[in-house]
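The values are calculated or read from the model by the stated rules, or taken from the named source; none is laboratory data. Remember, it's a predicted structure, so these values are computed and weren't measured experimentally. Virtual Cβ from ideal backbone geometry, glycine too; neighbours counted across all protein chains shown.
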Amino acid sequence: MVNENEMVPPIPQDRSVEEPQVLSLDNICMIYGSWTSTSQFSGCRWVWIDSLGNVQLMETQNYIRRESVLHSEVEALHRRLRVCFSIRDARTLGQIARIFGTDCKDLIAMFKEPHIWPSFTAELERIETLQI
């Protein structure tokens with residue numbers, strides 16, 4: 001207990017100033033697939049974000065529902081790659097084909113170790129063909 005006349009020492013506080021951490025993404029095309037078991041359609045969305053974090057282009061598309069949510073993610077990537085690789089002017093939209101991003105961990109794992117995903121062999125071959 002502190003008496004009114006006693007001075008309470010100030011609580012030391014950490015005075016270090018932390019610099020915000022910034023992640024530079026360069027130009028990136030984020031890909032999202034959507035899927036529900038009860039819908040007739042699946043969907044996908046692509047967002048092109050420039051190196052300053054500004055959205056430059058956003059597109060959505062529906063297609064006949066795929067077998068699973070992961071199939072929908074792969075289909076979204078395939079459709080976006082097909083568009084990017086068909087673009088002739090590399091100074092504009094063609095630049096977005098350099099880096100792709102996704103929030104789907106399974107899609108990333110599929111490209112790291114495709115032999116573990118035999119049911120996606122045909123889809124991965126279609127994507128590989130586009131890259132050639």
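Quick check, is Tyr32 in contact with a Cys (Cβ under 8 Å, 6 or more places away or on another chain), aromatic (Phe, Trp, Tyr) and surrounded by fewer than 16 Cβ atoms within 10 Å (Cβ to Cβ)? Lay out the reasoning, then the answer.
Details: in contact with a Cys (Cβ under 8 Å, 6 or more places away or on another chain): yes; aromatic (Phe, Trp, Tyr): yes; surrounded by fewer than 16 Cβ atoms within 10 Å (Cβ to Cβ): no.
For Tyr32, the condition - in contact with a Cys (Cβ under 8 Å, 6 or more places away or on another chain), aromatic (Phe, Trp, Tyr) and surrounded by fewer than 16 Cβ atoms within 10 Å (Cβ to Cβ) - is not met.
Given the criteria in contact with a Lys or Arg (Cβ under 7 Å, 6 or more places away or on another chain), among the hydroxyl-bearing types (Ser, Thr, Tyr) and either modelled with pLDDT of 85 or more or surrounded by fewer than 10 Cβ atoms within 10 Å (Cβ to Cβ) (or both), does Ser24 qualify? Don't jump to the end; show me each part of the working.
On the way: in contact with a Lys or Arg (Cβ under 7 Å, 6 or more places away or on another chain): no; among the hydroxyl-bearing types (Ser, Thr, Tyr): yes; either modelled with pLDDT of 85 or more or surrounded by fewer than 10 Cβ atoms within 10 Å (Cβ to Cβ) (or both): yes.
Spelling it out, it is not the case that Ser24 is in contact with a Lys or Arg (Cβ under 7 Å, 6 or more places away or on another chain), among the hydroxyl-bearing types (Ser, Thr, Tyr) and either modelled with pLDDT of 85 or more or surrounded by fewer than 10 Cβ atoms within 10 Å (Cβ to Cβ) (or both).
Restricting to region 77-132, name every residue that is modelled with pLDDT under 85, more than 16 Å from Met58 (Cα to Cα) and in contact with a strand residue (DSSP E or B) (Cβ under 9 Å, 6 or more places away or on another chain).
Arg98
Could you check, for region 32-46, whether at least one of its residues is modelled with pLDDT of 85 or more, of a type in the set (D, E, K, R) and either within 29 Å of Ile99 (Cβ to Cβ) or touching a Gly at 6+ places or on another chain (Cβ under 8 Å) (or both)?
Scanning region 32-46 turns up at least one residue that is modelled with pLDDT of 85 or more, of a type in the set (D, E, K, R) and either within 29 Å of Ile99 (Cβ to Cβ) or touching a Gly at 6+ places or on another chain (Cβ under 8 Å) (or both).
For Arg45, are the conditions met, namely being surrounded by fewer than 18 Cβ atoms within 10 Å (Cβ to Cβ) and basic (Lys, Arg)? I'd like the intermediate steps shown before the answer.
Numbers: surrounded by fewer than 18 Cβ atoms within 10 Å (Cβ to Cβ): yes; basic (Lys, Arg): yes.
Considered against the rule, which asks whether it is surrounded by fewer than 18 Cβ atoms within 10 Å (Cβ to Cβ) and basic (Lys, Arg), Arg45 comes out as yes.
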